[in-house]
Amino acid sequence: MTLEQQHALLTIALLAAFADDHHDEREREHIRRLVDTLGGQATDPHLAGLYGQVLLKQVNLASVAATLTDPSHRQLAFETAVCVCDADGHTTEAEKTFLENLAQVLHLDAGVTTPLNQQGQAMADLVDAAAPKSTHVAAAAHAVPVAAVPDQAELDRSILNHAILNGALELLPQSWASMAIVPLQIKMVYSIGKAQGYDLDQGHIRDFLATLGVGLTSQYLEQFGRKLLGGLLGQLAGGMGKSLGKATASVAFSFATTYALGQVAKRYYAGGRQMSTALLQETFQGLIEPAKDMQTQYLPQIRQKASGLDMGQIMSMVRAR
């Protein structure tokens, strides 16, 4: 895959992210920083202004799509766009229209797009299944903890297991695998809050993730961007052992993000949700690098976990209560 084709795929992913114009300022800022970070890692001068071009609608979708002459690249572009649109658990009418237009300019027929749309919806349903939705807004915002003495060692084991699982998902070749990381993180935070005496809902957890800088859409985009610019897409299916070295950075990101998220959530709910936004973010960032170092110790477990995963198992794990 050429640099121009990588650039086209990332552009289409960003166009999908902004297709509905409903992301809040935190999510927009996370995506902007992501593009800056990826541009620095890839030393690609064309990435520097990509965020602004997409945001200001200065990108022509048909021209970008024309860069992707390989059928497998066109299919990957559409599959990625579906995953980005579904990353927050639903697809708006604006996003559906974008996907229809994208299919046309990529010259993909229903035989290709329908299964990908169905697969994306199946994974989007996992986001909604990861934690309950609130039927009472005030209850979600002012939850009162009940008496609870959680087993801290058990919470730590659960956080580590989630981090290993999400690291393993990065070793799978399918795009839906990375899409499962966010609902599993939502489920983890829900279980941590419950152990501390809080009955959390999905809206609160989504806001908690966004505050830390791991929003649903931006996190999937970062996972995709790392795989794309790291040359991993299309290689993992050819042999996990051969690709494990290249995948380490991507695995480290998801392992570390999940581990740090779990540890911050444990402290936050144990302390009665008294940590300020600034302290939450500072604590989370302070845990990321040590967690990245930790993942090297657990690479054998991550690899073993990846070898036995399939879509059915992942769905069952998210839906389990």
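For the range 146-193, the set of residues classified as modelled with pLDDT of 90 or more, buried (at least 24 other Cβ atoms within 10 Å of the Cβ) and not aliphatic (A, V, I, L, M) consists of His162, Asn166, Gly167, Gln185, Gly193, listed by residue number.
Matching residues to (1) in a loop (DSSP other than H, G, I, E, B); (2) modelled with pLDDT of 65 or more; (3) out of contact with any strand residue (DSSP E or B) (no Cβ under 7 Å at 6 or more places or on another chain); (4) surrounded by 14 or more Cβ atoms within 10 Å (Cβ to Cβ):
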{"site": "Met1", "(1), (2), (3), (4)": "yes, yes, yes, yes"}
{"site": "Glu4", "(1), (2), (3), (4)": "no, yes, yes, no"}
{"site": "Ala19", "(1), (2), (3), (4)": "yes, yes, yes, yes"}
{"site": "Arg26", "(1), (2), (3), (4)": "no, yes, yes, yes"}
{"site": "Arg32", "(1), (2), (3), (4)": "no, yes, yes, yes"}
{"site": "Leu38", "(1), (2), (3), (4)": "no, no, yes, yes"}
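Would you call Thr217 in a helix (DSSP H, G or I), among the hydroxyl-bearing types (Ser, Thr, Tyr) and more than 21 Å from Ile314 (Cα to Cα)? In short, no. Of the residues Ala48, Ala81, Ala143, which single one is at pLDDT below 85 and closer than 30 Å to Val189 by Cα? On inspection, the qualifying residue turns out to be Ala143. Using the structure shown, decide if Gln202 is buried (at least 22 other Cβ atoms within 10 Å of the Cβ), modelled with pLDDT under 90, among the polar types (S, T, N, Q) and within 23 Å of Met317 (Cα to Cα). So Gln202 fails the test.
The values are calculated or read from the model by the stated rules, or taken from the named source; none is laboratory data. Predicted model, so just to flag it, every value in this text is computed and none were measured. No Cβ is skipped: glycine too gets one built from the backbone with ideal geometry, and neighbour counts run over all protein chains shown.
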